[in-house]
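Novice: Structure incoming, see below.
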Amino acid sequence: MTTVFPLPSPTLPEFTTLLLKGPYHASAPIHLCLTHLANRPGTRAILLSPSRDNFIAALRDLNDDWLNECGGYGAVSQVLSRVDVFYPSTPHHASLALSMLRVSQPETAPSQLEIASPCLVLLHEFSSYFLDQENSHL
């Protein structure tokens, strides 16, 4: 029941790896996390985005009606609380964050970003790391 739109909407097929290419609305990463985690209790999602300012500005400009209306509901807030958002500012920081991801194992000390399985790791706008600084506003 994973989708990039508020429900009811067409859903994506079951996946282990997924690439969404092309233009999509600013709240798509949030809807993807929400719908993916909704039927998977006890799981978490990690969202990595290169710029907090750009991400928030895009969400503000979109002004998603569904998020405005339903985002504060207890059930939605509970699912959103299982989404960890990180903003690695450079490709090196992103590489470090990704290299630290491990599937949680109870017998080891938590020394890395450990996540319960199955989960979602969402790389949002990662192509911006490969743009020139002059073109990074695009």
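Novice: Which one of these is at pLDDT below 95, open to solvent by less than 70 Å² (accessible area, probe 1.4 Å) and assigned to a loop (DSSP other than H, G, I, E, B): 5, 15?
Specialist: Just one listed residue meets the conditions, 15.
Novice: Further, regarding this structure: State all residues of region 30-63 that are in a loop (DSSP other than H, G, I, E, B) and open to solvent by 20 Å² or more (accessible area, probe 1.4 Å); if no residue qualifies, say none.
Specialist: Scanning region 30-63 gives 39, 40, 41, 42, 44, 50, 51, 63.
Novice: Is it true that residue 44 is at pLDDT below 90, more than 15 Å from residue 124 (Cα to Cα) and among the basic types (Lys, Arg)?
Specialist: yes
Novice: Can you tell me which of (1) open to solvent by less than 50 Å² (accessible area, probe 1.4 Å); (2) assigned to a loop (DSSP other than H, G, I, E, B); (3) of a type in the set (Gly, Ala, Ser) is the one residue 72 doesn't meet?
Specialist: So residue 72 meets the others, but not (1).
The values are calculated or read from the model by the stated rules, or taken from the named source; none is laboratory data. Since the structure is predicted, the reported quantities are computational estimates derived from the model, not experimental observations. Remember, those area values only see protein heavy atoms, side chains included, never the ligands or the DNA or RNA. Shrake-Rupley method; radii C 1.70, N 1.55, O 1.52, S 1.80 Å.
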